[in-house]
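Undergrad: Mind having a look at this structure? Questions to follow.
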Amino acid sequence: MPHGHPTSIFCIIATEFCERFSFCGLRTILSLYLRNILCLHENAATVVYHIFIMMCYSMPLMGAILADNYIGRYRVILYFSIIYFVGTLLLCCSAIPPLMLPPTSMSMIGLVLIATGTGGIKPCVAAFGGDQFRLPEDNNQLQKFFSTFYCIVNLGGFMGMVVTPALRRGVMCFGDDACYALGFGFPAVLVLISIVIFVMGKPWYRIKQPRHNVTLKFVACAWRSTLQVPGHHQTGIILLNTLACSVELAVSGEGLVRVGPGGTAVVTPLPRLIYAIVATCPKNCAGRIMKQRCIKINLRTVSGMFMPVIVGQNSDDQLSFYFMDPGPFAKSLTGKPKLKVVYIGDTGPNKNVSIAVETDKRLCDVYFVSDAPVDHIGESAYMCVQPGKFRWRATSAGGEVSGSGEGYLRVGGVYVLCLRERLGRLDMAVLHAPNPPNELNLAWIVPQYLLVSMAEIMFAVSGLEFSFTQAPKSMKTITIAAWYMSVAIGNLIVILVAQAKIFQSRAMEFFVYAGILTAAMLIFLRMAHGYCARTMEGDGSSTESHPLLHGHSRMISVHSATTSTQPYSHSCASRESSATSCLVHMERARTSAWPTYTVVHVGTPSTNDRKATTLAKD
């Protein structure tokens, strides 16, 4: 182990060995203690035991959050080990009658502390052991560590389940034939030993401190939603107002919309057509007299794209439209905000206008404006930046264009920073959010996944059981294989739908899947109506319990197994009579006339002649 020091690795493995030994041993005798010593009803003891186990496997989330976001893995292991030790100590003391402690309440407090301690430790020890290696150069050593770690841990758990019950029943104490105080005291000593070993190894540990509050950032993204990109034959119009006053915008066939100062309006979805857009502003626009306050244009749209239109004013104080490139305005896959810089105005040659954008983390992007922007507008590509506060600064070679400001970017937003020049100087800077930050609470997906998981579990368990029990013995494996094959076919359908790109909206795709599932459910309901379940048969033979008869098999005769060996019915024995007539004759006979036991001869025509061949012996 070039970087993972053997002493640190030994201390970590020994710590987890003692913890597993203690927990598994304690858990093994807990049910008996709840029933025999605390005198809980069997149902109550079962509830308490499973609540304890549930807490043990829920608390790892708390330990992981503290380790990854606040105090690091070393402190989590140390602090929760102490909580663990206190819990085992209380549980041990509750089993010592001379102490006169309330056994039930002390035991419950001890179990809560034990569940908190062992749960907080669980996710941290293995990760802390992995921290002792440097990757990728120590990758082989890391694999050996995890193999050794889990082998030793499982050994500790096994030994705990054997040794602790043996101590409980092998020693008599306090007038009882079983010593629960020793059964709980020994795990407490092991936890104390694990704490000592873990602390002793600190000089050799590589201790990493958490850098970012990742969990809270993840939770924060649960409060965000999104703008749907137009479909194949659809479009949308984004209207960005850079004026300091409100503007009324009329889109032909879609009505009138009022956009506030520095505001944004989105009209979507729209059919891909040519739209007439009329913009009107007040004559006095925030103290500036507008020489032209109404303008109209015809906008040709593009399928599957938004058409961004900026409303501003030129150097002659006339209301003007400026057109950005069409785009989807889609959010970034990483969740980071996207920012585009748009410069409106005539920069002219040799001005060398540049705009620098810098975040709080000192990450800086610089955009250089063209000397001859097309249609008086220049725009940058989208930049994925860190969420939070940012600063921008515009400069030119001669100093005519200069200005600075700041803004705030939120997770998932798509932003456009519009800078407008007037009379050779920077006149206005507005931050727009055509695709707003995430607003929909991601927690809404929790009940959905919960319901889907519950349904899948019930469906899978009952479906597999049905496939196994209802299939013939010779086809049980192939039937279950066909069950799993249906899963593969389902995935194939999803692949084909995804590649065909039939649906533009993921929500619509999910609704279609739900509809298909509903149709399949109704079909299955119709098929199951009147279904007769197959009775389970014994497993005494590897073949079928009953022979499979061909369609042309026929009954020959029915003989009594009593002293009489004559056929029960001459009509049944005759060749001309069929199995049906024989059964009818028997049904019409009196009950007392039925034989005590019968032997049925079944015949099948051979390939050479049509004579019956007897398959059963007398």
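The values are calculated or read from the model by the stated rules, or taken from the named source; none is laboratory data. Just so it is clear, the model here is predicted, and its values are computed rather than measured. Quick reminder, even Gly has a Cβ in these numbers, built from the backbone with ideal geometry, and neighbours come from all protein chains shown. Side chains included, ligands, DNA and RNA excluded: accessible areas come from the protein's heavy atoms. Shrake-Rupley method; radii C 1.70, N 1.55, O 1.52, S 1.80 Å.
Undergrad: Give me the one-decimal nm value for the distance between modelled label points at Lys283 and Ile297, 7 Å along each residue's Cα-to-Cβ direction.
TA: Between Lys283 and Ile297, the simple spin-label model gives 2.6 nm.
Undergrad: Compute the label zone of Ser58 within segment 1-40: residues whose backbone N is under 20 Å from the point 7 Å along Cα-to-Cβ.
TA: 27, 31
Undergrad: Further, regarding this structure: Modelling each spin label as a point 7 Å along the Cα-to-Cβ direction, I'd like the Met159/Arg393 distance in nm, to one decimal.
TA: 6.4 nm
Undergrad: Right, next: What is the local net charge at Ala429, summed over the other residues whose Cβ is closer than 13 Å to its Cβ (Lys, Arg +1; Asp, Glu -1)?
TA: +2
Undergrad: Related question: Between Ala127 and Gln143, what is the label-point separation in nm under the 7 Å Cα-to-beta-carbon projection?
TA: Going from the Gln143 label point to the Ala127 one covers 2.4 nm.
Undergrad: While we're on this one: Around Tyr57, under 13 Å between beta carbons, what's the net of Lys plus Arg minus Asp minus Glu among the other residues?
TA: +2
Undergrad: Could you calculate the contour length gain from Ser315 to Tyr70, that is, 0.36 nm times the residue separation minus the distance between their Cα atoms, to one decimal place in nm? Before the final figure, lay out each step's value.
TA: Values: separation 245, 0.36 × 245 = 88.20 nm, distance 5.46 nm.
Full extension of this stretch gives 82.7 nm more.
Undergrad: Shifting gears a bit: At 1.4 Å probe size, put Leu66, Leu256 in order of accessible surface, largest to smallest. Present the calculation step by step, with values, prior to reporting the outcome.
TA: On the way: Leu66 50, Leu256 120 Å².
Sorted by accessible area, descending: Leu256, Leu66.
Undergrad: Let's test the formula: R0 of 30 Å, r as the Cβ-Cβ distance of Val366 and Glu439. What FRET efficiency results, to the nearest 0.05? Write out the running numbers ahead of the final one.
TA: Values: r = 32 Å, r/R0 = 1.05.
Here the calculated transfer efficiency is 0.45.
Undergrad: In whole angstrom, note down how far apart the Cα centers of segment 308-326 and segment 363-429 are.
TA: 16 Å
Undergrad: Hey, got a sec? Which chymotrypsin sites (Phe, Trp or Tyr not before Pro) in segment 263-338 land in a DSSP loop and have at most 16 other Cβ atoms within 10 Å? List each step's numbers first, then the result.
TA: Numbers: sites: Tyr275, Phe306, Phe321, Tyr322, Phe323, Phe329; in loops: Phe329.
Here no chymotrypsin sites (Phe, Trp or Tyr not before Pro) fit, given the DSSP loop and packing criteria.
Undergrad: Just to verify a number: FRET efficiency for Ala533 and Phe503, C-beta to C-beta distance, R0 = 45 Å, to 0.05? Don't jump to the answer; show the numbers that get you there.
TA: Details: r = 40 Å, r/R0 = 0.88.
Plugging the Cβ-Cβ distance into 1/(1 + (r/R0)^6) gives 0.70.
Undergrad: I've got another one for you. Do any chymotrypsin sites (Phe, Trp or Tyr not before Pro) in segment 50-149 lie in a loop, going by DSSP, with at most 16 other beta-carbon atoms within 10 Å of their beta carbon, and if so which?
TA: Details: sites: Phe52, Tyr57, Tyr70, Tyr74, Tyr79, Phe80, Tyr84, Phe85, Phe128, Phe133, Phe145, Phe146, Phe149; in loops: Tyr57, Tyr70, Phe133.
The qualifying sites are Tyr57, Tyr70.
Undergrad: Tell me the net charge near Asn352. Cut-off is 13 Å between Cβ atoms, Asn352 excluded, with +1 for each Lys or Arg and -1 for each Asp or Glu. Let's see the in-between values first.
TA: Working: positive: Lys351; negative: Asp371, Glu400.
Neighbour charge sum, excluding Asn352 itself: -1.
Undergrad: Just how much of Val251 is accessible, in Å², when a 1.4 Å probe is used and the result is rounded to the nearest 10?
TA: Val251 exposes around 10 Å² with every protein chain in place.
Undergrad: Can you compute the charge dipole magnitude of segment 256-352 about its Cα centre, using +1 on each Lys and Arg Cβ and -1 on each Asp and Glu Cβ, nothing else charged? Give it in debye, rounded to the nearest 20.
TA: Numbers: 13 positive and 4 negative charges, 46 e Å.
Approximately 220 debye in magnitude.
Undergrad: What part of the accessible area of segment 280-433, given as a whole %, is carbon or sulfur when the probe is 1.4 angstrom? Provide the component values of the computation, followed by the final result.
TA: Working: 3680 of 7370 Å².
Within segment 280-433, the accessible surface is 50 percent carbon and sulfur.
Undergrad: Which of the aspartates and glutamates could be linked to Lys296 by a straight reach, that is with a Cα gap under 18 Å, when you skip same-chain ones fewer than 8 residues away?
TA: Once the sequence-local aspartates and glutamates are set aside, what remains near Lys296 is Glu248, Glu254, Asp316, Asp317, Asp375.
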